[in-house]
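The values are calculated or read from the model by the stated rules, or taken from the named source; none is laboratory data. These figures come from a predicted structure and were not determined experimentally. We place every Cβ from the backbone using ideal geometry, glycine too, and count neighbours over all the protein chains shown.
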Amino acid sequence: MSGLSDTRTVASAAPASPPALRGGTSVRAVVLLATAPAADGGSAALLPWENETILGRLVDQIAALGVPRAVVITRPAWESDVRAALEQSRAAVAIEASASVPDDLHIVAQLAGGEGDGGLVVMYGDVVTHTQALAGLLADPRVATGILAGGKRKQMVFRIAARRGRVTSAASPYHAVHRPTSAFLGALKVAPTDLEALGRVAERLRPLAANPPAAWEEELQRKEGMWRLSLYRAALDEEELTAEPGAAEPPAEEEPVPLDPATVELSGEDEAHLRHRVAAAPDDTAALLLVGLVREGAHIGMSYVRRLYWTRPLSSDDAALAEQEIAEIDEDRVLLDSAVKGADGFFTTFFVSPYSRFIARWAAHRGFTPNQVTTVSVFIGLLAAIAFATGERWGLITGAVLLQAAFTTDCVDGQLARYTRQFSKLGAWLDSVFDRTKEYLAFAGLAIGASQMDDPVWLLACAAITLQTARHMSDFSFGGTQQQVLAASVQPPIEQARDSAGAAAEARRNTVVDEPDQPPPRKPLPARVLSAWHVIDRVPGVRWVKKMIAFPIGERFAAISLTAALWTPRTTFIVLLAWGGLAAVYTQTGRVLRSLR
Amino acid sequence: MSAQAPALRVAVVPARPDPIPVYRDDGPLALALGRALGPVVKLPAPLLIVLGLLALVAAIVIGGPDTSLGVAGAVIAWVVLTLGIASGTPPRPRIRWAEPPLMRATEYTALIWIAALEGPDAYPAAFALLAALTFRHYDLVYRLRHRGVVPARWVSRLSGGWDLRLIVAFVLLAAGALPAGYFVAAGVLGVAFVGEAVYGWLAVGRVQRPLEYEDEEDEGQ
């Protein structure tokens, strides 16, 4: 009767079932917050789900992921119901009754300071999502401390801002995010190394949550106004119905609010929804802990739900709808689609990923590991280089085809790793090193082949390897220093409602108000060039053209194959140097401008 | 921000080495030059490296493969001097990312040019040497990224750093030991780099570190 068997039933109707999860998690316990009220005033976590409750389903999902222990925190009024709901559960569950958020925080602090190996997860006890979405956070060793993140348009969530895979700002009932990029989907994993910080943050938040500072209360009122306006707009605009009212904040918080929230009239239903949202908002221990950790400077990564299902039902009707919706989803297909990397280039996205994901699924069901696929890929790359080295037309064509096969298998290994959630540091290193190996082996093969054809191109090959390595070094160094800038940026104290970007924006507005006659200060030239450069991204297709100019790996392998098969190795190197040189000028100009602004 | 006290900051993981000095791959001579002259010269490091690279490019354009050994030696000495001083000038945080790519471009171009002075027959050997060196330079990045460590000290000493490599390459040219010298260097270094990397993975410590960034290539957005 567990939630897991439900998932299996759903999946068996689909063409293929998701691969079994391998390896365990490094999580010693999950803290489930069954503290949020449903619309009828009961516990949202105890809303019915098939033959049990949402909370019961979640406890089973967590046990299935290999987490040894769950701790359910609930309010005293719901304690007996929670006990009854979890009675038949075979998982190890402890139930703690807590009267308020400060008491929740105290329990978390004690767990953080407790004995045991592994980290802690703090999450909402009323979330309905795929087990695979939870696995993405709990079982991925690359996310040490991190959150489940996803779409901004979800119900009952707070937003976050992230840069370079790191949470830079998070919202809570009392905290605002300037320019959010995503949302916190109610699950926070804290690695053992950050548990001390978690405990400290929890204790520091206790007195503040018990007696919120004026700035916090002000922020909550501002949020109420925003929610009221977004409900109002949603009601006006039929097309915006998908925007799940209650979560939406206006995208740019700098924009002046044209309507006064105090004068806006909502329908009875919307008014009730708003009342509920405002009443439930302060009761969000998980969001407060996340803001606390962000403000403490902890490195918090993200695991995105992508196209997997996630919702927080507020009523039995919501829960029934969620049951229906999750049953309609082909979990395996969604998981497979989510395994495709989001930031790939044009060639990879449109010419390789559409079919490589099915090879990844085949490999998963055959039990191949990503590292095996990586090794096969470099072996095919070696064969391609040998074929190129013949210098014959058939050899060049065979080599071109083999190189594409090697590139496809290279995409497969990453997708297989994400699909089966088998990540390893060795795998990541091998994948990176073998990518370079294949490319430079192809250079060597082509240069040998050209010598066979009495048209030596070793100098061009040397130039190509120099250009490509220097281009990569620029990518690595620029990325590395940007990371350092993020790590060194000072976070405002937890008492402050606005994040640093929000505070800076407010300061800018205030200077304009103070000196209304002065024109706003002109931005420096590099900043203006960069904003103009980003504006043209809105033209359809421009984003892809820019990606192609940067000459990413898919384009490079395609260029090698095509030119070698049709022309000669000399053509290949000339194209690589010309396109690579253009890419170098393009990206370096962008980076210099960004360094100078 | 304002006048409120800054939030407490804690080191959550053992400090990761600063990547830029690791990527530069300086040898003992370069570091000594940087310590001695860097604080005096004070020019931005990327500018110094460009000065070295420009001299090299000028020599290639003007003299090409016919440059005399003496002039070539002076150009290599200038390159070692400028890039070496760049290792010790006061840091410019906003532009220091430009140092490693410029250094690799300079080092590899110089190695190719030294081969060119020997003659076109030395190009395959230059390619082999560059291939071995790229393994080290990518490994410096990927090991730091995925495990937060740098290669063992003995292998870095053996590699010499870019400075000693350039000097040894020039000595090989002057001694008439090219292209065989490049092939031998490529073989020795290649075996050492790959062997030490594999050994490093076999003896891997289990340190949990956060993922720095997921994307393989930063495409300048």
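What are the pairs with Cβ atoms under 6 angstrom where one residue, in the stretch A:479-504, is more than 8 Å from every other protein chain (Cβ to nearest Cβ) and within 24 Å of A:LEU289 (Cβ to Cβ) and the other, located anywhere, is of a type in the set (Asp, Glu) and surrounded by 17 or more Cβ atoms within 10 Å (Cβ to Cβ)? Sequence gap at least six, or different chains.
Partner pairs satisfying both residue conditions: A:ALA497/A:GLU219.
Return yes when A:LEU467 is closer than 25 Å to B:LEU130 by Cα, without any contact (Cβ under 8 Å) to a residue 40 or more places away in the chain and of a type in the set (A, V, I, L, M) and no when it is not.
no
Based on what the data block shows, is A:GLY150 modelled with pLDDT under 90 and buried (at least 18 other Cβ atoms within 10 Å of the Cβ)?
So A:GLY150 fits the description; yes.
Just checking, which of A:GLU52, A:GLU87 is modelled with pLDDT under 85 and either within 29 Å of A:THR420 (Cα to Cα) or of a type outside the set (Phe, Trp, Tyr) (or both)?
A:GLU87
Given (1) hydroxyl-bearing (Ser, Thr, Tyr); (2) away from chain B (no Cβ under 13 Å); (3) in contact with a helix residue (DSSP H, G or I) (Cβ under 6 Å, 6 or more places away or on another chain), where does A:THR511 come up short, assuming only one miss?
Checking A:THR511 against (1) hydroxyl-bearing (Ser, Thr, Tyr); (2) away from chain B (no Cβ under 13 Å); (3) in contact with a helix residue (DSSP H, G or I) (Cβ under 6 Å, 6 or more places away or on another chain), the one that fails is (3).
What number goes with the only condition from (1) more than 7 Å from every other protein chain (Cβ to nearest Cβ); (2) of a type outside the set (Asp, Glu); (3) surrounded by 24 or more Cβ atoms within 10 Å (Cβ to Cβ) that B:GLY70 does not pass?
So B:GLY70 meets the others, but not (3).
Mind listing whichever residues of the stretch B:66-94 are of a type in the set (D, E, K, R) and out of contact with any helix residue (DSSP H, G or I) (no Cβ under 8 Å at 6 or more places or on another chain)?
B:ASP66
Applying the selection to the stretch A:468-502, what residues are farther than 18 Å from A:ARG163 by Cα, of a type in the set (A, V, I, L, M, F, W, C) and assigned to a helix (DSSP H, G or I)?
Residues satisfying the conditions are A:ALA470, A:MET473.
Kindly indicate the residue of the stretch A:328-346 that is within 14 Å of chain B (Cβ to nearest Cβ) and without any contact (Cβ under 8 Å) to a residue 60 or more places away in the chain and also surrounded by the fewest Cβ atoms within 10 Å (Cβ to Cβ) among those meeting that condition.
Among residues in the stretch A:328-346 that are within 14 Å of chain B (Cβ to nearest Cβ) and without any contact (Cβ under 8 Å) to a residue 60 or more places away in the chain, the one surrounded by the fewest Cβ atoms within 10 Å (Cβ to Cβ) is A:GLY342.
Please tell me if A:ALA63 is in contact with a Ser or Thr (Cβ under 9 Å, 6 or more places away or on another chain) and part of a helix (DSSP H, G or I).
So A:ALA63 passes the test.
Regarding the stretch A:293-304, can at least one residue be identified that is of a type in the set (Phe, Trp, Tyr) and closer than 30 Å to A:VAL201 by Cβ?
Checking the stretch A:293-304: at least one residue is of a type in the set (Phe, Trp, Tyr) and closer than 30 Å to A:VAL201 by Cβ.
State whether one or more residues within the stretch A:518-526 are within 14 Å of chain B (Cβ to nearest Cβ) and either in contact with a helix residue (DSSP H, G or I) (Cβ under 7 Å, 6 or more places away or on another chain) or at pLDDT 80 or above (or both).
The answer is yes, given that some residue of the stretch A:518-526 is within 14 Å of chain B (Cβ to nearest Cβ) and either in contact with a helix residue (DSSP H, G or I) (Cβ under 7 Å, 6 or more places away or on another chain) or at pLDDT 80 or above (or both).
Please indicate, with yes or no, whether at least one residue in the stretch B:15-28 is among the hydrophobic types (A, V, I, L, M, F, W, C), within 30 Å of B:THR67 (Cα to Cα), surrounded by 17 or more Cβ atoms within 10 Å (Cβ to Cβ) and at pLDDT 90 or above.
no
Here is a yes/no grid of residues against (1) β-branched (Val, Ile, Thr); (2) at pLDDT below 80; (3) in a helix (DSSP H, G or I):
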| residue | (1), (2), (3) |
| --- | --- |
| A:GLU240 | no, yes, yes |
| A:ALA247 | no, yes, no |
| A:PRO258 | no, yes, no |
| A:GLU265 | no, yes, no |
| A:LEU274 | no, no, yes |
| A:VAL278 | yes, no, yes |
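Against the definition (among the hydroxyl-bearing types (Ser, Thr, Tyr), surrounded by 16 or more Cβ atoms within 10 Å (Cβ to Cβ) and either within 28 Å of A:PHE184 (Cβ to Cβ) or touching a Pro at 6+ places or on another chain (Cβ under 9 Å) (or both)), how does A:THR374 come out, yes or no?
So A:THR374 fails the test.
Residue check: is A:VAL291 surrounded by 20 or more Cβ atoms within 10 Å (Cβ to Cβ) and part of a loop (DSSP other than H, G, I, E, B)?
Spelling it out, it is not the case that A:VAL291 is surrounded by 20 or more Cβ atoms within 10 Å (Cβ to Cβ) and part of a loop (DSSP other than H, G, I, E, B).
How about the stretch A:452-465: which of its residues are surrounded by fewer than 23 Cβ atoms within 10 Å (Cβ to Cβ), in a helix (DSSP H, G or I) and facing chain B (nearest Cβ under 8 Å)?
A:LEU459, A:ALA463
If I go through the stretch A:91-123 residue by residue, how many of them are assigned to a loop (DSSP other than H, G, I, E, B), within 23 Å of A:VAL201 (Cβ to Cβ) and over 28 Å from the mean Cα position of the chain (by Cα)?
Qualifying residue count for the region: 6.
One residue is enough: does the stretch A:100-113 have a residue meeting the conditions surrounded by 13 or more Cβ atoms within 10 Å (Cβ to Cβ), touching a strand residue (DSSP E or B) at 6+ places or on another chain (Cβ under 9 Å) and over 21 Å from A:VAL27 (Cβ atoms)?
Scanning the stretch A:100-113, I find at least one residue that is surrounded by 13 or more Cβ atoms within 10 Å (Cβ to Cβ), touching a strand residue (DSSP E or B) at 6+ places or on another chain (Cβ under 9 Å) and over 21 Å from A:VAL27 (Cβ atoms), so the answer is yes.
Being at pLDDT below 80 and in a loop (DSSP other than H, G, I, E, B): is that true of A:ALA234 here?
no
Quick test for you: out of A:THR571, A:THR563, pick the one residue that is more than 14 Å from every other protein chain (Cβ to nearest Cβ), in contact with a Ser or Thr (Cβ under 9 Å, 6 or more places away or on another chain), surrounded by fewer than 17 Cβ atoms within 10 Å (Cβ to Cβ) and free of Cβ contacts under 8 Å to residues at least 40 places away in the same chain.
After ruling out the rest, the residue left standing is A:THR571.
Here are A:PHE379, A:PHE434: which of them is touching a Ser or Thr at 6+ places or on another chain (Cβ under 8 Å), part of a helix (DSSP H, G or I) and either at pLDDT below 90 or not small (Gly, Ala, Ser) (or both)?
Step by step, each of A:PHE379, A:PHE434 is checked, and only A:PHE434 is touching a Ser or Thr at 6+ places or on another chain (Cβ under 8 Å), part of a helix (DSSP H, G or I) and either at pLDDT below 90 or not small (Gly, Ala, Ser) (or both).
Quick grid of which residues meet (1) more than 27 Å from A:ALA319 (Cβ to Cβ); (2) more than 10 Å from every other protein chain (Cβ to nearest Cβ):
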residue: A:GLY151; (1), (2): no, yes
residue: A:VAL157; (1), (2): no, yes
residue: A:ILE160; (1), (2): no, yes
residue: A:ARG164; (1), (2): yes, no
residue: A:SER172; (1), (2): no, yes
residue: A:VAL177; (1), (2): yes, yes
residue: A:LEU185; (1), (2): no, yes
residue: A:PRO192; (1), (2): yes, no
residue: A:ALA197; (1), (2): yes, no
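Those residues that are touching a helix residue (DSSP H, G or I) at 6+ places or on another chain (Cβ under 8 Å) and either part of a loop (DSSP other than H, G, I, E, B) or exposed (fewer than 15 other Cβ atoms within 10 Å of the Cβ) (or both), I need them from the stretch B:44-56; list them, please.
Across the stretch B:44-56, there are no qualifying residues.
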